[in-house]
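Below is one structure, written out as C-alpha cells; the observations come after it.
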Amino acid sequence: MADFKTVEVSSDLLIIGAGFSACGAATEASYWAKKNGLKVVMVDKAATDRSGAVAMGLSAINQYVGVKDGENTVEDYVRYVRQDLMGVSREDLVYNIARHVDSTVHLFEKWGLKIWKDEAGKYVHEGRWQLMINGESYKIIIAEAAKNALADAGGELYERVFIVGPLMDGNRCVGAVGFSTRENQFYVFKAKAVIIGAGGAVHVFRPRSVGEGFGRSWYPPFNSGTSAYFTLQAGAEMTCQEVRFIPVRFKDGYGPVGAWFLLFQSRAISAVGGDYMVEHVDELENWAPYGLAKPIPANLRNYLGMMDVDAGLGPLYMETDEAIQKIANEYKDDPKAFKKKMKELESEAWEDFLDMTISQAILWAGLNVKPDEKHSEIAACEPYFIGSHSGASGAWVSGPEDLDTPYKWGYTNMTTAEGLFAVGDASGASSHKFSSGSHTEGRIAGKQAIKYILEKGKEPNVDMAKAEEMKKAILNPLDLFEQYKDEFTDPEVNTHYIMPRQFLHRLQKIMDEYAGGVTSAFKTSKALLERGLELMEYLREDSDKQAARSLHELTRAWENIQRMWIAESHIRTMLFREETRWPGYYFRADTPKMDNDNWLCFCNCRWNPDSGEWEMSKKDIWTMPGV
Ligand SMILES: Cc1cc2nc3c(=O)[nH]c(=O)nc-3n(C[C@H](O)[C@H](O)[C@H](O)COP(=O)(O)OP(=O)(O)OC[C@H]3O[C@@H](n4cnc5c(N)ncnc54)[C@H](O)[C@@H]3O)c2cc1C
C-alpha cells in the first residue's frame, strides 16, 4: 500500500465543506460550542477563501425577503418556491430558512459586504428577492467570519483535505475519512455529530465544453457529488434526486443572465427574432396551475426556448443592445446625460461578469462583443445537481421543531442517519436558498448539531480496523498504477486499469445519451434509463480499477466515484417518477405529461448499506395551512 501517514483528528462537531452553508454552520456552531466547551472542526478540499460555488464571487444575493421593510412576507417566499418547483417543495424547510435569511444578509453587510443602496439608503433590488452587491470578494468575507469564529472558540480548520466517505457506528455517523491533496496523509476525523455541506455536483453529464474548453461549466468544477455520496453511504434517505438544474446562460462562457432579465428587463429571442415567451404562451396551459401563475417556473421558461431550438430556430439570443438602448432612451433629450447613462450601463454589464464569471467577460472581449450594439447568444447548459439553487436534490432532513409538519424525527436538518446533518446543496427539496439561504441553513443546522451533541452526543465509537480497510481501498488507485504502469509503453493505456479522465468520459457518455443530457436534447424514457442502468453496472465494476499517478489523480478518481453514485440515484429516481413534471430540465418522452393525481409527491431513494439494494418511496407533500 502507498506509504501514507494516518492522522486522527477528534472533535465534537465535524463540518465537511467550507462553502457557504458550511461557513454558516461554523460561524453559528462555534458560538454555541464556545459557551459549552465543545470543539468544532471544519474541513475542505480547497482553500476556504475561494472555495465552492462562490469562489469567483457573485453579483447578487438571491434570497432576501425584506421583512423589516414590509416588502414581502415569509409566506410569500414559500409560495414562490412552491410555484417554481411545480408544487414539490419542503415548505417547512423553505419557511424556516426564509424567516431567518434577512438576519444573515444583515450580518454579511456588517462583515463588510458592499450591498448597493439607492439615494434613499434602501437596498437596490435586482428582482423581487435579489439584492445587487459588489461581490467579487463575497466568499472571502464570509470565510473570514467563519475562520474568526472557529479560532475564537478553539476550533480547527483543515484545508486541502478531500473527504471521501462517512465513518459509521450502526446508523450513527461518527466521523469521516479522507486524504490530503498536498501530502501523503490519510485522515480519520472522529466526531459526535457531522454536518455535510460539500455542495452539489457537476461533470456528471457530458458538458458542452469539451476538448480545449473541458472544465468550463456553469457550476464550479470543484463540487463532485461528495454530499450525495456521503449521505447515501451513510444509509440516509435522499429526496428529489431526479431534479437536476439546467440554467440558460450566455453560451460557452456560462455568464449570468439574471441582471439582464431582471435589472435590464431584456428579452430573449430566437434566430428569426421571435420572443419565445410570447410566441409559445399557449403551451403554458398544459402545465397549469404552475404554467399560468407568475413568476413562470424556471424550467418552463427553459422549455419555451427549447421549443424554438427543436423547431430549428436556434441560436437563441439575449437582446442586450435593445435593453440598454431602451433604458438609455429615457435620457435621449439630453445628449450628455444619455452618453453618461450609456457608459454606466455598459460598465454595469461588464461588471456583472467580472464579479462572478470572469471567463464570460474574456469571451466577450475575444469575440469583440459590444453589448450595447449587438445581441449575444444564450443556451441551455448541461444538467447540474444544485439543491440550493433551482434544483432540489439532496438529503431528506428533519423539519423545524416548532412547526407542525409530518417530517420530524430528530433535530432540524438532521438526515435519517443519526447525528448526520445536511445543509446547502446537500439538503433536498428546499430550493432557492442560494448563497444567503445556504449560509442561513448552515447556521440553523450548526446550532441544532450542538444541541444534539449536548443532549444525545456520545463519544464516537470508531472502528480503526475498518478505517484502515477504507484507507487501503481509498489509496488503491495509487497502488494499481505503481504495480502495472511499466507493462505497457503508454502509461495511460493499460489492460489492468483505467485512468480517471477515461472513466469520467464513460460516465458522462452514459448520462448524456441515456439520462437526458445536452446531445439528447434533455429527453429520456423508461427504456433509455433502464439501458443506462445496465451500462452503469459495467461502469461500477470498473470503478475500483481506476489508477492514479499522483494525489491530483487520486482526487479525480474519488470524485468520479462520487459522481457515479449521484448519477445512479438520478437515473433511478427519474425511472421511478413516471411523468414529466419539469419540462425544460428533463422530459420523460414516454410519459410526457404532468400527472398530479399520481406524482404530486416527493420521490425518495435510499441505498441500504446492509443489503446493497436501492429502496424507492413516495412521500406526501405537506402544504403550509393558509399559504
Ligand atoms: C454559477 C453560480 C451562480 C450563482 N449565482 C448566485 C447569485 O447570484 N446569488 C446567490 O445568492 N447565489 C448564487 N448561487 C448559489 C450559491 O452559490 C449556492 O447556493 C451556495 O454556494 C451553496 O452553498 P453550499 O455550501 O451548499 O456549496 P458551496 O458554496 O459550493 O460549498 C461547497 C464546499 O464543499 C467543498 N467540497 C466539495 N467536495 C469536497 C470534498 N470531497 N471534501 C471536502 N470539501 C469538499 C468545496 O470545496 C466547497 O468549499 C450561484 C451558484 C452558481 C453555481
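The values are calculated or read from the model by the stated rules, or taken from the named source; none is laboratory data. Keep in mind that this is a model prediction, so the values were computed, not measured. Virtual Cβ from ideal backbone geometry, glycine too; neighbours counted across all protein chains shown.
Filtering the stretch 465-517 to residues that are of a type outside the set (A, V, I, L, M, F, W, C), within 16 Å of residue 549 (Cβ to Cβ) and part of a helix (DSSP H, G or I) leaves 476, 477, 479, 482, 483, 484, 485, 486, 487, 500, 501, 502.
Of all the numbered requirements in (1) within 16 Å of the ligand (Cβ to nearest atom); (2) in the same structural domain as residue 438 (by TED's automatic domain parsing); (3) assigned to a loop (DSSP other than H, G, I, E, B), residue 231 misses one, and that requirement is (3). Scan the stretch 496-542 for residues that are closer than 27 Å to residue 1 by Cβ and either crowded, with 20+ Cβ neighbours inside 10 Å or of a type in the set (A, V, I, L, M) (or both) and the total you get is 8. In the set (1) more than 11 Å from the ligand (Cβ to nearest atom); (2) under 13 Å from the mean Cα position of the chain (by Cα), residue 237 fails one condition alone, (2). Among all residues of the stretch 581-604, there is none that is more than 30 Å from residue 79 (Cβ to Cβ), in contact (Cβ under 8 Å) with a residue 12 or more places away in the chain and either within 19 Å of the chain's Cα centre (by Cα) or not in a loop (DSSP other than H, G, I, E, B) (or both). Going by the structure shown, is residue 119 without any contact (Cβ under 8 Å) to a residue 60 or more places away in the chain, over 20 Å from residue 54 (Cβ atoms) and not hydrophobic (A, V, I, L, M, F, W, C)? For residue 119, the condition - without any contact (Cβ under 8 Å) to a residue 60 or more places away in the chain, over 20 Å from residue 54 (Cβ atoms) and not hydrophobic (A, V, I, L, M, F, W, C) - is met. Please indicate, with yes or no, whether at least one residue in the stretch 219-237 is at positive phi and not small (Gly, Ala, Ser). Checked the stretch 219-237: no residue is at positive phi and not small (Gly, Ala, Ser).
Scoring residue 288 on the criteria (1) small (Gly, Ala, Ser); (2) crowded, with 20+ Cβ neighbours inside 10 Å; (3) without any contact (Cβ under 8 Å) to a residue 60 or more places away in the chain leaves a single failure, condition (2).
Of all the listed residues (394, 437), the sole one being out of contact with any strand residue (DSSP E or B) (no Cβ under 9 Å at 6 or more places or on another chain), buried (at least 24 other Cβ atoms within 10 Å of the Cβ) and either in contact (Cβ under 8 Å) with a residue 40 or more places away in the chain or more than 30 Å from residue 258 (Cα to Cα) (or both) is 437. Restricting attention to the stretch 265-284, the residues that are without any contact (Cβ under 8 Å) to a residue 60 or more places away in the chain and under 23 Å from residue 327 (Cα atoms) add up to 9.
Identify all residues within the stretch 59-81 that are modelled with pLDDT under 95, assigned to a loop (DSSP other than H, G, I, E, B) and surrounded by 20 or more Cβ atoms within 10 Å (Cβ to Cβ); write none if there are none. Once the filter is applied, which keeps residues that are modelled with pLDDT under 95, assigned to a loop (DSSP other than H, G, I, E, B) and surrounded by 20 or more Cβ atoms within 10 Å (Cβ to Cβ), the stretch 59-81 yields only 59. Residues in the stretch 422-440 that are hydrophobic (A, V, I, L, M, F, W, C) and either at pLDDT below 95 or outside any loop (DSSP other than H, G, I, E, B) (or both): 422, 426, 434. A single entry from 261, 250 fulfils the requirement of being at pLDDT 95 or above and within 15 Å of the ligand (Cβ to nearest atom): 250. Within the stretch 553-561, is there a residue that is under 18 Å from residue 526 (Cα atoms), in a helix (DSSP H, G or I), more than 22 Å from the chain's Cα centre (by Cα) and modelled with pLDDT of 95 or more? No, there is no match, as no residue in the stretch 553-561 is under 18 Å from residue 526 (Cα atoms), in a helix (DSSP H, G or I), more than 22 Å from the chain's Cα centre (by Cα) and modelled with pLDDT of 95 or more. When the stretch 104-133 is examined, which residues are found to be over 26 Å from residue 294 (Cα atoms), within 13 Å of the ligand (Cβ to nearest atom) and not hydrophobic (A, V, I, L, M, F, W, C)? The one that is over 26 Å from residue 294 (Cα atoms), within 13 Å of the ligand (Cβ to nearest atom) and not hydrophobic (A, V, I, L, M, F, W, C): 104. Checking the stated criteria, residue 467 turns out to be more than 16 Å from the ligand (Cβ to nearest atom) and modelled with pLDDT of 95 or more.
Of the residues making up the stretch 469-486, just one is free of Cβ contacts under 8 Å to residues at least 60 places away in the same chain and under 16 Å from residue 189 (Cα atoms), namely 469.
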